[in-house]
Amino acid sequence: MKRLIETIRNIWRIEELRSRILITLGFLLVYRLGSFVVLPGVNPQYLSALEEQTSGGVLGLLDMFSGGAFSNASIFGLGIMPYISASIVVQLLGMVIPYFQRLQRDGESGRRKINQITRLLTVGILVIQAPSYLANLNYQLPDEAFVVNGVLFTVSSTIILTAGTIFVMWLGERITDKGIGNGISLIIMIGIIARLPHSLLAEFTDKLSVSNGSGGLVMLLLEFVFLFFVFVGTIALVQATRRIPVQYAKRIEGNKQYGGVRQYIPLKVNAAGVMPIIFAQAIMFLPITVAGFVNSESASGFVSAFADYTGFWYNLVFALLIIVFTYFYTALIINPRQMADDMKRNNGYIPGVKPGKATAEYIDTIMSRITLPGSILLAIVAILPAFARMAGVDQSFAQFYGGTSLLILVGVVLDTLQQIESHLLMRRYDGLMKSGRIMGRSVGTALH
């Protein structure tokens, strides 16, 4: 406790860090307040049907990512997921279209152009998703819920929903530039945390009710024990690394070499962080978007199968997408050839491996070997909520037994703490951890 208090004092003493934390909290507060602002023309007293629709299934996940804004018919109802979907498309285009590949190599100017294209694509996606969201409102809510309706309501609400998501995207970018941590990831995380108290209350009510025969207090304690082990295992997965030894030789008098210093390159088992699971989850929302947010009872067989997150096909496709995106995103952020070239320029080499092309191939082989188990473990953690639901855990609380929710929480918290620790160490204060340094996600895994 004494060390914690001293660490908080050290954080407060650093003016820049204090300012960044306060700015971050301020922007997140604006986002949370906006999630309760209902669309003009909708009576909030009639939103119970929408809240019931989002109490479970894929729409429940979508509501969680928006921090409840979806079920509140808020101006932020579509959340940040359209921007993430646009980011997926742009990054996929970067692998197949030379123009985008050239932009990725152009440094800061190329990154600004890619960001501009991503924003424009986000607007295009919103123009499609917003009318679908409004169609779902008309389907779920009674006529009395609408103060105004018709073409005027649809057009104005589409503009408001589009502007709402663009504003949330702007908040995320401002947090990244002026605050602490990655803004987009923090916005997703704060939405998930906002749903945690409601989920805990629902689980307590369910398990402590004597009449439902769900196991009572003993079952509740077992659930928390299991949740603790899942939480610890998720942290271990995020921080697990494979170290490659590198020998750096010192040169004197021409080409003569002597001595040397051995260092290690830490290659993360899950180098892509939480991005594969966010990308995969965004893809899994597409069937619901295409179907106009219809409920599973009236949906076709395809949409119905992908509206049930406890179903076999949903989880199989979800797991496969995570594995694919893990390899894809790892290939984006880890460049073995560049690592090999950097080592060669600094007189470094991997013992037993020739410098240059052979070193790049060696690093690529190591990354392929450690990415496979890492991606499989990530997929297993992602589908754990389905098993928790089958074991009798409440629908909303089951989302915290692994899945997107837990992985985002762990990844974003570790990433933010790592940045705070870096500020402390730069100013010669003790870090957050007494032994060892916090290892968050790689910088490249953050959404830009």
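Checking the condition of a type in the set (S, T, Y) and at pLDDT 75 or above, which residue from Y248, Y264 passes? Give the steps one after another, and end with the answer.
Numbers: Y248 fails: at pLDDT 75 or above.
After applying the criteria, what remains is Y264.
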Looking at (1) of a type in the set (A, V, I, L, M, F, W, C); (2) out of contact with any strand residue (DSSP E or B) (no Cβ under 7 Å at 6 or more places or on another chain); (3) touching a residue at least 40 places away in the same chain (Cβ under 8 Å), which is the one condition that is false for L93? (3)
Within the range 291-311, does at least one residue satisfy the condition of being under 25 Å from F387 (Cα atoms), at pLDDT 80 or above, open to solvent by less than 30 Å² (accessible area, probe 1.4 Å) and touching a Leu at 6+ places or on another chain (Cβ under 7 Å)? no
Going through (1) surrounded by fewer than 18 Cβ atoms within 10 Å (Cβ to Cβ); (2) at pLDDT 80 or above one by one, V443 fails only at (2)
Taking the condition touching a residue at least 60 places away in the same chain (Cβ under 8 Å), open to solvent by 10 Å² or more (accessible area, probe 1.4 Å) and either out of contact with any Phe, Trp or Tyr (no Cβ under 6 Å at 6 or more places or on another chain) or assigned to a loop (DSSP other than H, G, I, E, B) (or both), does Y133 pass? no
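Please pick out the residue among I408, I380 that is open to solvent by 20 Å² or more (accessible area, probe 1.4 Å) and either under 20 Å from F224 (Cβ atoms) or in a helix (DSSP H, G or I) (or both). Please lay out each step first, then the result.
Working: I408 fails: open to solvent by 20 Å² or more (accessible area, probe 1.4 Å).
After applying the criteria, what remains is I380.
Open to solvent by 50 Å² or more (accessible area, probe 1.4 Å) and more than 28 Å from L286 (Cβ to Cβ): which single residue out of F204, F167 fits that description?
On the way: F167 fails: more than 28 Å from L286 (Cβ to Cβ).
It is F204.
Quick grid of which residues meet (1) modelled with pLDDT under 75; (2) of a type in the set (D, E, K, R); (3) open to solvent by less than 70 Å² (accessible area, probe 1.4 Å):
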site: L171; (1), (2), (3): no, no, yes
site: L186; (1), (2), (3): no, no, yes
site: V210; (1), (2), (3): yes, no, no
site: Q239; (1), (2), (3): no, no, yes
site: I244; (1), (2), (3): yes, no, yes
site: G260; (1), (2), (3): yes, no, yes
Conditions (1) assigned to a helix (DSSP H, G or I); (2) surrounded by 15 or more Cβ atoms within 10 Å (Cβ to Cβ); (3) of a type outside the set (D, E); number of the one not met by N149: (1)
Give the residues of the range 358-375 that are under 30 Å from V410 (Cβ atoms) and either acidic (D, E) or surrounded by 14 or more Cβ atoms within 10 Å (Cβ to Cβ) (or both), sorted by residue number. I363, D364, I366, M367, I370, T371, L372, G374, S375
Taking the range 267-281 and the residues there that are among the aliphatic types (A, V, I, L, M) and modelled with pLDDT of 75 or more, the one that is most open to solvent (accessible area, probe 1.4 Å) would be V269
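Scan the helices (runs of 4 or more DSSP H) fully inside the range 4-115 and keep the ones with 2 or more residues being touching a Phe, Trp or Tyr at 6+ places or on another chain (Cβ under 7 Å), open to solvent by less than 80 Å² (accessible area, probe 1.4 Å) and at positive phi. Before you say what the answer is, go through the steps one by one.
On the way: elements: 15-34, 48-53, 57-65, 81-96, 98-105.
Output list is empty.
Would you check which residues across the range 327-357 are small (G, A, S) and surrounded by 14 or more Cβ atoms within 10 Å (Cβ to Cβ) and list them? Before you say what the answer is, go through the steps one by one.
As a first pass, look at the range 327-357 and keep what is small (G, A, S): 331, 340, 348, 352, 356.
Matches in the range 327-357: A331, A340, G348, G356.
The values are calculated or read from the model by the stated rules, or taken from the named source; none is laboratory data. Every value quoted in this text rests on a predicted model; they were computed, and no experiment measured them. Cβ coordinates were reconstructed from backbone atoms using ideal geometry, including for glycine residues, and neighbour counts include every protein chain displayed. Areas reflect the complete protein model, heavy atoms only, side chains present, ligands, DNA and RNA absent. Shrake-Rupley method; radii C 1.70, N 1.55, O 1.52, S 1.80 Å.
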